[in-house]
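Working notes, beginning with the structure itself.
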Amino acid sequence: MSELNSTEKIVISSCPHDCGGTCLLKLHVKGGVITKIETDGGEEPQLRACARGRAYRQRVYAPDRLKYPLKRIGERGEGKFTRITWDEALDKVASELERIKENYGNDAIYYIAYSGNTGTFLHSQLAVFRLLTMFGGFTPCWGSASFWGSLFSSETTYGTLTAGHTSDDIPNARFIIMWGWNPAETVQRTNTPYYLSQAREKGIKIVSVDPRFTDSAAAFASQWIPIRPGTDTAMLIAMAYVMITENLHDRKFLETYTVGFEKFKGYVLGTTDGPPKTPDWAEPITGVPAETIATLAREYATKKPSKLLTLGAPGRTAFGEQFHRAAATIAAMAGNIGIYGGDPAGFGLCPVGLQPNTSTGLIARKMPGGLPEGARQRPAIHITKLWDAILRGKEGGYKADAKMAYITNGNPVNQFMNTNKAVRAIKQLETIVVHEQFMTTTARFADILLPVNTQFERNDIVRPWQAGPYCIYMNKAIDSLYESKSDLEICTALAEKLGIKGYSGITEDEWLRSFWEDANDMSDTKPLPDYDTFKKEGVFKIKIGKPAISFTKQIKDLKANPFPTPSGKIEIYSKKLEEKNDSKLPPIPMYIEPWEGRSDSLIEKYPLQLITTHTKRRTHANMANITWLRTLEPQTIWINPVDAATRDIHHGKTVRVFNDRGIIVLTAKITERIMPGVVSIDQGAWYNPDKNGIDRGGCANVLLKDEHSPAGAFCSNNCLVQIEREFKV
């Protein structure tokens, strides 16, 4: 924090949303009002924010911010509420919690939280998690819309999620593949686009493998390889075939550091499982020419060190974990693990700074006396099965009949799959409590709606997304607007109403000081600055000298530093998965035909593959209502001119996109930047149904099947649809 003059000051803060970065924001504050937002302009690495962060003042002062506690007076979903006092609201929430617990048990309380506020130490879903735990427990959700396939693969293959490099290692590569990876819009760690620009300027070849010609492909890549959604694993396995048959694989690395390669080799060559997985085999599956596959394999294998950069989109498919396991196997075959300029194609946590579990571990350590009797975590519901669990309950084989939903830090009706089913489910509940800043899709269904303040109206600490060499103290810049409160303040008041002792007997500053001191014990980066210095300066940049990369110790001396797997090596073949004996989770990476892909019988009825993508104007559903950002890019569906012509669809005209799960109406964007047979819609637009139940907000989740992959991946890129012109009556 610094003073500009007697009336204006600069306050350091950040964006804690799950956009892929945690960037530095400099808030200019005058007379208790934020007048403008700038970003980092200091020494490198600069933690520069994107348009979303710089537009955040529009969110803080948005005219449609929730100002007071509200009680529903209309039908669920109508959005009709009346203002009540905080005492009335908290009394009602407390009485409903007690009623549900007494009549049905704690299992009937579903806590639904997500990534609306992520990576912060104090003000997050952990506050509610702690309250409900001390109340006796609840039914939680599990799963991630972003990365569960990658998480599963890293734990299976490497035994750890710390399987990545800091972004400053990107220019050390000689060859880079961006596979379903679009950091120009999703950031993928603060400053990743900056380092990709450096690599491009050095003349390093960058290839984009993606159904769309993304902004990242346009900005950084010299080659775009379009590929059908859900078939990425087949292409990787065909690349492995080329590397094996042309003797381009690193045999010494494989023999020293891996187990199970020979079994994978047998599958690839077809000696143990079906036909040889040649580029010719992969071409009709993927839509990628065989020679293109072979050339990419040769370049990746011979231009060492090479980076295969993944993480999200290809793993958000019916068998997305197989893509990530195959990518890690390819990285091992090329010997690109544990070396500068390489990459293990893993989950991506880098071995520096505070890890994402730091805040979770800290708050758990601070819970007095451990967990109270009866408060053990209940069997969790996967986020894709949440609506099914509410609708079917015990009759459907779930642990409990859901009676109450406590929803914070997310917009699940909008963001979880099958939105029309979500509406049916959530209307069935007896009580819904929501903490929110706006009248979102989910907030419209609340019985009690509690206004939450923004990160600029409270103090907190945030570590970077996927770890990294800095931390930011988000200094409170202004007083809470209207009657908004933080999640912690709300839960502290509720704890008192519920008679819960010891929930929070200390101040916000005391919590953060205690956390920071404990974080010093948990961090590999020592010493951290003292709390008061950190709070005053607002940002702590860790001086690492050179890129931080995973597995250097293992590659240097495997005997002294084994991989944290059962074998102590990289597991191309997993004994644990073999013991599971699940054909959908084979012990080696394999290509498995996805549902709602090109081979699904539904293709006759719904011939277009829909992928749901990220956009520069939103962080998931966050910022969807901010005018500045809405003008950047309209909500459209991308469609190739070939597909548009056969349907008489014209650019800029409205179309109906539909399947058996629902109908949405939005504007067509006719573009050669998407391959034929594939269409895309940016996820995060707010569901806005008309009187006939047709969504006119452009919410892609209306169309998605509420099913997850065998390991838990959110299958947002497996969806078949049809498109037709909207004929207005």
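Every read-out reported here was derived from the displayed coordinates using simple, explicitly stated rules and does not represent laboratory data. Keep in mind it's a predicted model, so treat the numbers as computed, not measured. Here the Cβ is made from the backbone with ideal geometry for all residues, glycine too, and neighbour counts use every protein chain on show.
Overview of values
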read-out: Euclidean distance of C-alpha centroids, region 134-164 and region 208-225, integer Å; value: 29
read-out: Linear extension gain, D521 paired with A219, 0.36 nm per residue minus alpha-carbon span; value: 104.6 nm
read-out: Burial ordering of Y158, Y340, Y194, fewest other beta-carbon atoms within 10 Å first; value: Y340, Y194, Y158
read-out: Crossing angle, helix 125-134 versus the chain [Cα axis fit, 0-90 degrees, rounded to tens]; value: 70
read-out: log10 of Debye I(q)/I(0), alpha-carbon scatterers only, for region 556-643 at 0.22 Å⁻¹; value: -1.06
read-out: Eligible aspartates and glutamates near K9 by straight Cα distance, threshold 16 Å, same-chain separation 8 or greater; value: E38, D40, E457, D479, E537
read-out: Least to most buried among W686, W628 (fewest other Cβ within 10 Å first); value: W628, W686
read-out: Around P451: net Lys/Arg minus Asp/Glu count, Cβ-Cβ under 13 Å; value: -1
read-out: Förster-model FRET efficiency, 45 Å R0, Y340 and D660, C-beta, rounded to 0.05; value: 0.35
read-out: Cβ-derived FRET efficiency at R0 30 Å, W142 paired with K67, nearest 0.05; value: 0.35
read-out: Two-site FRET efficiency, E78 against E578, from Cβ-Cβ distance with R₀ of 45 Å, rounded to 0.05; value: 0.25
read-out: Positive-end residue of I244, N418, I478, charge dipole of the chain with Cβ unit charges; value: I478
read-out: Ranked packing of 708-718, 580-590, most packed first, by mean Cβ within 10 Å; value: 708-718, 580-590
read-out: Length gained when the stretch D273-S567 is fully extended (0.36 nm per residue, less Cα-Cα span); value: 103.4 nm
read-out: Approximate spin-label separation S601-E38, in nm, with each point projected 7 Å along Cα-to-Cβ; value: 6.4
read-out: Restraint check, K307/K543; K202/K536; K67/K497, Cα-Cα greater than 27 Å; value: K202/K536
read-out: For region 601-725, share of DSSP beta bridges that run antiparallel, in % to the nearest 5; value: 65
read-out: Per-bin percent of Cα-Cα distances, region 601-725 [10 Å]; value: 13, 45, 35, 7, 0
read-out: Antiparallel DSSP beta bridges within the chain, as percent of all bridges there, nearest 5; value: 55
read-out: Straight-distance crosslink candidates among lysines, where the alpha carbon sits under 17 Å from K385 and sequence neighbours closer than 8 are dropped; value: K394, K399, K403, K421, K427, K705
read-out: Ranked H614, H324, H165, criterion: other C-beta atoms within 10 Å, fewest first; value: H614, H165, H324
read-out: Identified option (computed Rg and Dmax of the Cα atoms in Å; candidates [x] 30.3, 125; [y] 43.2, 162; [z] 25.3, 78); value: [z]
read-out: Three-way shape label, region 237-277, alpha-carbon gyration tensor, a/c 1.5; value: oblate
read-out: Contour excess over end-to-end distance, with Cα ends at D479 and E299 and 0.36 nm allotted per residue; value: 59.2 nm
read-out: 3J(HN,Hα) from dihedral phi, region 433-439, Karplus parametrisation 6.51/-1.76/1.60, rounded to Hz, x for glycine, proline; value: 10, 10, 9, 7, 10, 9, 7
